[in-house]
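Take a look at the structure below.
Rule-based calculations on the coordinates, nothing more; no lab input. Worth saying up front: this structure is predicted, and the values here are computed from it rather than measured. Because the Cβ atoms are built from the backbone with ideal geometry, glycine has one as well, and the counts that use them run over all protein chains shown.
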Amino acid sequence: MKKNLKYNFVWLLIAALAYAFIYVLYVTGVITPFTEYTLITIGINIMLALGLNLIIGFSGQFSLGHAGFMAIGAYSAAIMSVKYPTMGGFFSGILLGIVLSGIVALLVGIPTLRLKGDYLAIATLGISEIIRIIIINMGDLTNGPAGIFGIPPMVNWSMVFGFVVIVTLIIVNFIHSGPGRATMAIREDEIAAESMGVNTTKYKVAAFIIGAITASVAGAIYASYVQTIAPKDFGFMKSIDILIIVVFGGIGSVTGTFISAIVLGILNMFLQDAGALRMIIYALALIIIMIFKPGGLLGTWEFSVKKLFKKKEDKSNASIER
């Protein structure tokens, strides 16, 4: 327990240094409104991809329904922010989205997570589409296909940075906890894990719920930042975009998710002037990377503070022995 607190403290120190670096870039004018949009988009994508990587990379469940949970969070925050245009209204919208996405993930996770592979992917895609269709048919509450306009802007880069840190700590601590190790055992061999007494349904649903909640939080931040949302923003291609980040960085690598979201975000920024060729160049870059690095940029490699401490301890022990 004390070691976990020590590692969390080190991660928070690294986050504080990163925050200070970004703040200096703002003060010196290096970050413009255009690059700020890219920075915030990268932060939102990191949260979305971390949650999906927990489901796919660490629990071994192939989900294509992430956009649906993002929509729940976005509409919850948008509705509450429009009705109560204060920070209290915005955060109550985030809380509402967390509760709703958690309940939906629990209700649909128990029956669907018994499926595997392509069948699970189709089932989760169907769930995402059901959520989107329900939003379209909720009348004045969601404004149907037209979506919600004039959402009060409550989000800035500092808030996004804070949420990225919180989401990362939650997911990393879950992965290194007892339930997280049980979840990874299910990924490696579900039958073997079940034979050892692991409640496979329980841990798969737990990972699915955490992933859904992080998607909901990211959706709420997205809605407040762009100030306009519509059901078409949360279609099948949105789930694919998040999946690309996970696969590109390395399935089962939190570090890879960060690097992938940053690299793809910067690549998108520089390709803005390419017009219609932007998506072609973007797709070609992805194809080339996946040909030469089929496991993603980092594969399953992970930057670990624990390993750094262990190396220092080994060196100190070796010097004492000498």
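Nearest 500 deg cm²/dmol is fine: what mean residue ellipticity at 222 nm does the chain get from its DSSP H runs of n ≥ 4 alone, each adding -39,500 (n - 2.57), divided by its residue count? The partial results should precede the final answer.
Values: 13 runs with 238 residues, N = 322.
Result for the chain: -25000 deg cm²/dmol, rounded to the nearest 500.
Of [x] 19.1, 63; [y] 20.3, 76; [z] 20.6, 63, which one was derived for Rg and Dmax of the Cα atoms in Å from the structure shown?
[y]
Does the stretch 123-187 classify as rounded, prolate or oblate by the C-alpha gyration tensor (a ≥ b ≥ c root eigenvalues; a/c under 1.5 gives rounded; else a/b over b/c gives prolate, otherwise oblate)? Please list the in-between numbers first.
On the way: a/c = 4.96, a/b = 1.47, b/c = 3.38.
Verdict is oblate for the stretch 123-187.
Given R₀ = 41 Å, FRET efficiency for ALA192-PHE21 by Cβ-Cβ distance, to 0.05? Could you put the intermediate results ahead of the total?
Details: r = 45 Å, r/R0 = 1.09.
Computed FRET efficiency for ALA192 and PHE21: 0.40.
Name the trypsin sites (Lys or Arg not before Pro) in the stretch 95-155 that are in a loop by DSSP and that have at most 14 other C-beta atoms within 10 Å, would you?
Numbers: sites: ARG114, LYS116, ARG132; in loops: ARG114, LYS116.
The qualifying sites are ARG114, LYS116.
Rounded to the nearest 0.05, what FRET efficiency do THR228 and GLN272 have when you use their Cβ-Cβ distance and R0 = 22 Å?
Numbers: r = 19 Å, r/R0 = 0.88.
That gives a FRET efficiency of 0.70.
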